[in-house]
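J.: Please find one structure pasted underneath; my questions will follow.
The values are calculated or read from the model by the stated rules, or taken from the named source; none is laboratory data. Small disclaimer: the values here were computed from a predicted structure and weren't measured. Note: ideal-geometry Cβ built from the backbone for every residue, glycine included; neighbour counts use all protein chains shown.
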There are 2 protein chains.
Amino acid sequence: MENFVYCCPTRIVFGKGTIPQLRDLVPSDQHVLITYGGGSIKKNGVYDQVREAFSDHKVSEFGGIEPNPVYETLMKAVEVVKSEGVGFLLAVGGGSTLDGTKFIAAAARYEAGDPWDILSAGGKIESAVPMGTVLTLPATGSEMNAVAVISRESSQEKLAFVSEAVAPKFSILDPETTYSLPENQVRNGVVDAFVHVTEQYLTYPARGTLQDRQAEGILLSLIEEGPRTLKDMKDYDARANFMWCATQALNGLIGCGVPGDFATHMIGHELTAFFGLAHAESLAVVLPSLLRHEKDGKRDKLIQFAKRVWGVTDGSEDEIIEAGVRKTEEFFRSLGMPTRLSEFDVSPDEAADRVKERFTARGTKLGEKQAIGPEEAAEILRASG
Amino acid sequence: MENFVYCCPTRIVFGKGTIPQLRDLVPSDQHVLITYGGGSIKKNGVYDQVREAFSDHKVSEFGGIEPNPVYETLMKAVEVVKSEGVGFLLAVGGGSTLDGTKFIAAAARYEAGDPWDILSAGGKIESAVPMGTVLTLPATGSEMNAVAVISRESSQEKLAFVSEAVAPKFSILDPETTYSLPENQVRNGVVDAFVHVTEQYLTYPARGTLQDRQAEGILLSLIEEGPRTLKDMKDYDARANFMWCATQALNGLIGCGVPGDFATHMIGHELTAFFGLAHAESLAVVLPSLLRHEKDGKRDKLIQFAKRVWGVTDGSEDEIIEAGVRKTEEFFRSLGMPTRLSEFDVSPDEAADRVKERFTARGTKLGEKQAIGPEEAAEILRASG
């Protein structure tokens, strides 16, 4: 096991009817900016619950944060924070709203230069506006971590930053707020969470005995509860488990002391940037192809995955590995998720060429042993057609 | 799944050679009181590493905190904190030192009356002296939770309190510091952590699908790595996994949204108070007997436990349950842990009578459905002989 630091201070308030607790979670002397996305929270009652909880607070709003939140939009919110003296940010929505709000929180206090540097040049974040969240779309884990991914329209880039300063002070997770989600967003959330786990689990053995079990526990739970969320859109316990799995998948815990390989996300981000695939769609396309491509480097863990998560018992090592990958692909498809690039009318060869060109320009090397460079990424995409 | 709040803000600094990081973890303008137990830290080099890290800090010391820390001793440390203007407490040792230091932290700032009220009368803790820990004995989970258990000599009582104010700001977990532990302390730690998990897992099904998997993951890891810690006292990865399992077993995570049954601990505390059994020894005696006694109330989870944790496949429900309990008992014994009260020269009948008397006086009812009263506790103890 490798040395690690784990710090996850976000207070999770989980369950039915918890939104009114906002009243006490945010100091009443703070001017709150509520941030949200396309307005679904105004249709499903969440917005009204939030406003009601803040009846004694001074409140402003900033709506319209896009899926894959856009730098240009977020900078408008930064202006609001500065001009109105906002002291607390409350992000209401899914991972994009939460990630965007993390950037707003950091950029509003960033004095060292152009806030884009936070994303492109590792600009150091000294402080941030405190923030909390009301999560309505389980998927990204943003509600309990210090990571955000932001896009820039002008350059078709999608970049991440990490800072403890933007870890939410609290996150309210009420599974009932997810009842109104369209099926494809639930499907996307299950796949996103699943891939977050495999990226911290399917590397090489590092004797993270407990971490492996914790990762497998999330995968097994997603396999059990994911289909239930789609079968009965008001199965509270299915929603609750799905929501908690998605949070646990990327709050740092299962990654403690073990290597990670976020190549699936990094290649997927390019498919979103170039071709507009939803985030989880890009992951479902890349993961199976990547696991087959990296079969040798990940051999021991892929066998463990096939056996412990998918119950595969028979066959040669290669057959066991292939069975595990195939079952993963079948699981995604059973949720209604396409797993081939051609299903999105994207040419695998074009995707391979464009990603290769960008990774070459950036000198990108991915994977737990930096074995996935531009050419390997292109091979993975060509095989994902 | 039940509603829950989860907040676990302690920064975990885990791994080899991490003690020097104390220098930066504690503000250099703070007067630090180092608390410890019987002095083993002076023999194994931990004390020297801590003092070296604090070469620029103002430091005082308070040693001699007992196993099952004693109120009367801790109140002497409270006097030191007050008279010397201590601003930070660093507990160096095992769960007893950590628990004792949590009480010191709270009592030093307790203005509402007699600090004993914190334990006996739910005295509200408004603030506490900030504290950190260097853990040298994995077992209790105190390094990452807000709980402490304190004894009082004058009344033979052992009582707990919970307050977020005493959650450690950080805990340093260096598995190498455990190399010098005597075998029985390692054995005790494995059993203590194991029972912490079963107490949050072996109740009734609450559709905590993920929490069940997380609990099972800790148990499976303890079963795999526990014996390795005893076989090779310098197997770093075994120590690291054991240490991380013990922390995860009682940091609140696996208890989120599911019922708990801490009857094993509560009955065990009395065996310690009356007969001097080590904490884990008392648990190993009580748990198997309690699980058999509560076979019907815990039926579904005991079957799940036997199947998923112990791999039991065949037999009637009762046979499967008994196989799971028997394998648990065999596991404890394989670590060198006695599991019968008579092995400690304690009369089961006497233990039953004394515990029954005390529980009757206190009106104690334990278990996830409050089904374990004085008579049931006595039956459990009589059957544990």
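J.: Please count how many residues of region A:29-63 are closer than 17 Å to A:Ile172 by Cβ and out of contact with any Leu (no Cβ under 7 Å at 6 or more places or on another chain).
T.: Result for region A:29-63: 16.
J.: Taking the stated definitions as given, is B:Tyr110 more than 30 Å from A:Trp244 (Cβ to Cβ), of a type outside the set (Asp, Glu) and in contact with a Gly (Cβ under 9 Å, 6 or more places away or on another chain)? Full working, then the answer.
T.: On the way: more than 30 Å from A:Trp244 (Cβ to Cβ): yes; of a type outside the set (Asp, Glu): yes; in contact with a Gly (Cβ under 9 Å, 6 or more places away or on another chain): yes.
Considered against the rule, which asks whether it is more than 30 Å from A:Trp244 (Cβ to Cβ), of a type outside the set (Asp, Glu) and in contact with a Gly (Cβ under 9 Å, 6 or more places away or on another chain), B:Tyr110 comes out as yes.
J.: Something else about it: Assigned by TED's automatic domain parsing to the domain that holds B:Ile320, surrounded by 24 or more Cβ atoms within 10 Å (Cβ to Cβ) and part of a loop (DSSP other than H, G, I, E, B): is that true of B:Asp296 in this structure? Working first, answer last.
T.: On the way: assigned by TED's automatic domain parsing to the domain that holds B:Ile320: yes; surrounded by 24 or more Cβ atoms within 10 Å (Cβ to Cβ): no; part of a loop (DSSP other than H, G, I, E, B): yes.
No; evaluated as a whole, the condition is false for this residue.
J.: Still on this model: Test of understanding: among B:Ala215, B:Ala165, B:Ala148, which residue is more than 14 Å from chain A (Cβ to nearest Cβ), out of contact with any strand residue (DSSP E or B) (no Cβ under 7 Å at 6 or more places or on another chain) and hydrophobic (A, V, I, L, M, F, W, C)?
T.: Working: B:Ala215 fails: more than 14 Å from chain A (Cβ to nearest Cβ); B:Ala148 fails: out of contact with any strand residue (DSSP E or B) (no Cβ under 7 Å at 6 or more places or on another chain).
Selected residue: B:Ala165, the only one of B:Ala215, B:Ala165, B:Ala148 that is more than 14 Å from chain A (Cβ to nearest Cβ), out of contact with any strand residue (DSSP E or B) (no Cβ under 7 Å at 6 or more places or on another chain) and hydrophobic (A, V, I, L, M, F, W, C).
J.: Here is a follow-up. Taking region A:26-40 as the search range and keeping residues that are modelled with pLDDT under 95 and under 23 Å from the mean Cα position of the chain (by Cα), which one is surrounded by the fewest Cβ atoms within 10 Å (Cβ to Cβ)?
T.: The residue in question is A:Gly39.
J.: Also, I was wondering about something else. Just checking, which of A:Gly217, A:Gly257, A:Gly252, A:Gly276 is at positive phi, assigned by TED's automatic domain parsing to the domain that holds A:Glu376 and without any contact (Cβ under 8 Å) to a residue 40 or more places away in the chain?
T.: Numbers: A:Gly217 fails: at positive phi; A:Gly257 fails: without any contact (Cβ under 8 Å) to a residue 40 or more places away in the chain; A:Gly252 fails: without any contact (Cβ under 8 Å) to a residue 40 or more places away in the chain.
None of the others qualify; the one that does is A:Gly276.
Listed here are the residues, each with its yes/no results for (1) of a type in the set (Gly, Ala, Ser); (2) within 30 Å of B:Leu253 (Cβ to Cβ).
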position	(1), (2)
A:Met1	no, yes
A:Val5	no, yes
A:Pro9	no, yes
A:Lys16	no, yes
A:Asp56	no, no
A:Asn68	no, no
A:Glu79	no, no
A:Ser83	yes, no
A:Gly94	yes, yes
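J.: Any residue that is in contact with a Phe, Trp or Tyr (Cβ under 7 Å, 6 or more places away or on another chain), assigned to a helix (DSSP H, G or I) and modelled with pLDDT of 95 or more - is there at least one of those in region B:324-339?
T.: Here is the first cut: in region B:324-339, the ones in contact with a Phe, Trp or Tyr (Cβ under 7 Å, 6 or more places away or on another chain) are B:324, B:327, B:338-339.
Still in the running and assigned to a helix (DSSP H, G or I): B:324, B:327.
Those still in the list that are modelled with pLDDT of 95 or more too: B:324, B:327.
So far as region B:324-339 goes, yes, one or more of its residues are in contact with a Phe, Trp or Tyr (Cβ under 7 Å, 6 or more places away or on another chain), assigned to a helix (DSSP H, G or I) and modelled with pLDDT of 95 or more.
J.: Still on this structure, please answer the following. Scan region B:15-52 for residues that are within 14 Å of chain A (Cβ to nearest Cβ), of a type in the set (D, E, K, R) and more than 24 Å from B:Asp235 (Cα to Cα) and jot them down.
T.: From region B:15-52, those within 14 Å of chain A (Cβ to nearest Cβ) are B:15-22, B:24-25; that's our starting set.
Narrowing the set further to residues that are of a type in the set (D, E, K, R) leaves B:16, B:24.
Correct list: B:Asp24 only.
J.: Within region A:340-374, count every residue that is part of a helix (DSSP H, G or I), in contact with a Phe, Trp or Tyr (Cβ under 9 Å, 6 or more places away or on another chain) and without any contact (Cβ under 8 Å) to a residue 40 or more places away in the chain. Full working, then the answer.
T.: At the first step, the residues of region A:340-374 found to be part of a helix (DSSP H, G or I) are A:341-344, A:348-362, A:374.
Subset that is in contact with a Phe, Trp or Tyr (Cβ under 9 Å, 6 or more places away or on another chain): A:341, A:344, A:350-351, A:354-355, A:358, A:374.
Now narrow it down to the ones that are without any contact (Cβ under 8 Å) to a residue 40 or more places away in the chain: A:350, A:374.
So the count comes out to 2.
J.: Out of region B:229-250, which residues are in contact with a Phe, Trp or Tyr (Cβ under 8 Å, 6 or more places away or on another chain) and surrounded by fewer than 24 Cβ atoms within 10 Å (Cβ to Cβ)?
T.: B:Met233, B:Lys234
J.: Looking at (1) more than 22 Å from A:Asn145 (Cβ to Cβ); (2) more than 10 Å from every other protein chain (Cβ to nearest Cβ); (3) touching a residue at least 12 places away in the same chain (Cβ under 8 Å), can you tell me which one A:Arg207 breaks?
T.: (2)
J.: Take A:Ala284 and decide whether it is of a type in the set (Gly, Ala, Ser), buried (at least 24 other Cβ atoms within 10 Å of the Cβ), in a helix (DSSP H, G or I) and assigned by TED's automatic domain parsing to the domain that holds A:Phe344.
T.: On the way: of a type in the set (Gly, Ala, Ser): yes; buried (at least 24 other Cβ atoms within 10 Å of the Cβ): yes; in a helix (DSSP H, G or I): yes; assigned by TED's automatic domain parsing to the domain that holds A:Phe344: yes.
Here the answer is yes, as A:Ala284 does meet what is asked.
J.: Read through the list (1) part of a helix (DSSP H, G or I); (2) buried (at least 23 other Cβ atoms within 10 Å of the Cβ); (3) within 13 Å of chain A (Cβ to nearest Cβ), then give the number of the only condition that B:Ile223 fails.
T.: (2)
J.: I want to confirm something. Restricting to region A:152-187 and keeping residues that are assigned to a strand (DSSP E or B) and in contact with a Phe, Trp or Tyr (Cβ under 7 Å, 6 or more places away or on another chain), which single residue is farthest from A:Phe242 (Cα to Cα)? So that I can check it myself, show each step before the final result.
T.: Step one: of region A:152-187, the residues assigned to a strand (DSSP E or B) are A:152, A:157-162, A:170-173.
This time we only want the ones that are in contact with a Phe, Trp or Tyr (Cβ under 7 Å, 6 or more places away or on another chain), so: A:152, A:173.
Values: A:Arg152: 30, A:Leu173: 11 Å.
Among those residues, the one meeting the criterion is A:Arg152.
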